[in-house]
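The values are calculated or read from the model by the stated rules, or taken from the named source; none is laboratory data. These numbers were taken from a predicted model, which means no experiment stands behind them. Glycine gets a Cβ as well: all are built from the backbone with ideal geometry, and neighbour counts include every protein chain shown. Remember, those area values only see protein heavy atoms, side chains included, never the ligands or the DNA or RNA. Shrake-Rupley method; radii C 1.70, N 1.55, O 1.52, S 1.80 Å.
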Amino acid sequence: MRKIVIAIDGPAASGKSTTAKLVAVRLGYLHIDTGAMYRAITLRVLEEGISLEDADSIKRVAKQTKVRLERTGHTNRVLLDGRDVTKEIRSRDVTRSVSAISSYQPVRDVLVREQRRMARDGGVVLEGRDIGTVVLPGADLKIYIIASAGERATRRKKELELSGTIVDRQVLEGEILERDRKDTTRAASPLQKAADAIELDTSSLTIEEQVEFVIAKAKEIIQQRP
Ligand code: CDP
């Protein structure tokens, strides 16, 4: 059976990762979380004490740093020059700075090249901001996931609580909206819905329902074009 390329884009905390991960498991595909790659570069920039405005140093870091996603069973480990940073890249410091780092074109050039390499043979679910528009405009299935800001803040709050971090919901909602603003207004590959993407509002869907929606669309395509 033909192995297709599925692109899932959308704003912060809209349910992309959860959906992409489960769709990949169900289809036996590789899940590629491109946001994790931008987070890894951001972690390195913060560790080196580089200013978020220092374009030259950020470009150097992007060129010199190897970010890899390594499959371990059904999950991915994020490796930064071979070091496992899977947990660290979810810190709030990284989350607050990642939109600034991902707005630099040289950072995007390095990571997009790696993302296209990983997607080369199909059988992949990529999630991010620019997958359907820039990284793989020829993807077989494009989904644009959205959810209300309130629902997204509630979800992110629960997710953080699982790792022992308590944050006020209003504060989180403000941070999420600020990240959306930066991601949609930047010059380099801004977040936008591809013209041929299917919009999926997950505000009142269960995880199972949103996964089922994507799987059904994927199966239609797989069966149409063997
Ligand atoms: O999971 P969450 O919605 O919090 O964000 P993420 O997918 O981990 O992405 C973190 C950040 O990386 C985004 O806010 C974007 O600034 C950037 N990003 C991007 O520019 N392009 C992508 N393809 C993926 C992420």
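Overview of results
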read-out: Residue pairs meeting the criteria (Cβ under 7 Å; at least 6 apart or on separate chains; first under 26 Å from Val135 (Cα atoms) and open to solvent by less than 100 Å² (accessible area, probe 1.4 Å), in segment 192-211; second polar (S, T, N, Q) and part of a loop (DSSP other than H, G, I, E, B)); value: Thr202/Ser14; Gln210/Thr202
read-out: Search result, residues across segment 165-191 that are surrounded by fewer than 12 Cβ atoms within 10 Å (Cβ to Cβ) and either touching a helix residue (DSSP H, G or I) at 6+ places or on another chain (Cβ under 6 Å) or not in a helix (DSSP H, G or I) (or both); value: Ile166, Asp168, Ala187
read-out: Test: residue in segment 186-197 that is in contact with a strand residue (DSSP E or B) (Cβ under 8 Å, 6 or more places away or on another chain), near the ligand (Cβ under 10 Å from one of its atoms) and basic (Lys, Arg); value: no
read-out: So Arg152, is it without any contact (Cβ under 8 Å) to a residue 12 or more places away in the chain, within 13 Å of the ligand (Cβ to nearest atom) and basic (Lys, Arg); value: no
read-out: Test for Arg129: is it at pLDDT 95 or above, among the charged types (D, E, K, R), touching a helix residue (DSSP H, G or I) at 6+ places or on another chain (Cβ under 6 Å) and within 12 Å of the ligand (Cβ to nearest atom); value: yes
read-out: Filter result (free of Cβ contacts under 8 Å to residues at least 60 places away in the same chain and surrounded by fewer than 16 Cβ atoms within 10 Å (Cβ to Cβ)) within segment 1-59; value: Val25, Glu47, Glu48, Gly49, Ser51, Glu53, Asp54, Ala55, Asp56, Ser57
read-out: Entirely in segment 1-107, the helices (runs of 4 or more DSSP H) that have 1 or more residues that are more than 16 Å from the ligand (Cβ to nearest atom) and either of a type outside the set (Val, Ile, Thr) or in contact with a helix residue (DSSP H, G or I) (Cβ under 7 Å, 6 or more places away or on another chain) (or both); value: 16-27, 34-47, 55-64
read-out: Count of segment 113-143 residues which are in a helix (DSSP H, G or I) and in contact with a Ser or Thr (Cβ under 8 Å, 6 or more places away or on another chain); value: 5
